[in-house]
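Worksheet for the structure shown next.
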Amino acid sequence: GGERETEERQRQRQRQRQGDTHRERGRMLWLGVYYLLTAETVVCLLLISLGHMPLFIQRPIRKFITHLNIPKAQEVTVAIIVVLIALFAESVRKGLKHSHVHTDDFKDKLMHDIKRLRNERNSYIAFGCLFLFLLMAQLWVLIKRVIKAEDEKQLQEKKHEILLKQVKNNTNQAGLVEVAKGLKEAEKEEKEGGGG
């Protein structure tokens, strides 16, 4: 009888340790999602305020955005979106599971309320993270397009300035050619007029 109780206690302790490990992993996962949300907030604020920053701050950030190439960026973006959607759906599912409790025990109701509130908080965090990630990705793409368009515009302006200089030089040269022709004709007339 005593050995059975000891074995049963050991099994309960092992299950409790496994549950604690599982809960700890869940906490770490949601803590990571929370930190991702915080980082996304900072990056979004930085990208939104980029146009209002002084040039000495804008230039290095623009250079960084232009030259940053993440290998398989599209696949990574889709993977992050899928994970965030899965986390959101799972937290909503768990929240709904604990919202309709049919028990009269105060302690059970309180535990279900705590679990429901925790899952509602997690769903807000996951959805906020998903929303900010999509916003940040769209801002990133738009800023890269604007930078590319501005660079192309500057290049076109430089080409236009070079062409204007060439036209002015050609016009000046054509004027000099006409002046030279005029001088030659005047010299001919002088020779013809002086000689005749």
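The values are calculated or read from the model by the stated rules, or taken from the named source; none is laboratory data. This one's a predicted model, so the numbers in the text were calculated from it and none came from an experiment. A quick note on method: Cβ atoms are made from the backbone with ideal geometry, for glycine too, and the neighbour counts reach across all protein chains shown. Calculation scope for accessible area: heavy atoms of the full protein, side chains included, ligands and nucleic acids excluded. Shrake-Rupley method; radii C 1.70, N 1.55, O 1.52, S 1.80 Å.
Observations, loosely collected:
- Residue check, F88 free of Cβ contacts under 8 Å to residues at least 40 places away in the same chain, among the aromatic types (F, W, Y) and on the phi < 0 side of the Ramachandran plot: no
- Criterion (more than 22 Å from L29 (Cα to Cα), out of contact with any strand residue (DSSP E or B) (no Cβ under 8 Å at 6 or more places or on another chain) and either part of a loop (DSSP other than H, G, I, E, B) or not polar (S, T, N, Q) (or both)) met by exactly one of I80, I65: I65
- When residues of the range 47-75 are limited to those that are of a type in the set (A, V, I, L, M) and open to solvent by 70 Å² or more (accessible area, probe 1.4 Å), the one nearest to F133 (Cα to Cα): I48
- Only one of K94, K109, K115 that is at pLDDT below 90, out of contact with any Cys (no Cβ under 6 Å at 6 or more places or on another chain) and within 19 Å of G32 (Cβ to Cβ): K94
- Residue that is nearest to I65 (Cα to Cα) [pool: residues in the range 143-169 that are over 31 Å from the mean Cα position of the chain (by Cα) and open to solvent by less than 90 Å² (accessible area, probe 1.4 Å)]: L164
- Residues satisfying the stated conditions in the range 94-118, i.e. loosely packed, with under 12 Cβ neighbours inside 10 Å and either closer than 21 Å to R25 by Cβ or of a type outside the set (A, V, I, L, M, F, W, C) (or both): H100, H102, T103, D104, D105, K107, I114
- Summed over the range 1-40, the residues that are of a type outside the set (V, I, T) and touching a residue at least 60 places away in the same chain (Cβ under 8 Å) give a count of 5.
- Members of the range 119-139 that are surrounded by fewer than 16 Cβ atoms within 10 Å (Cβ to Cβ) and of a type in the set (D, E, K, R): R121
- Identity of the residue in the range 11-46, open to solvent by 100 Å² or more (accessible area, probe 1.4 Å) and of a type in the set (F, W, Y), that ends up nearest to F88 (Cα to Cα): Y34
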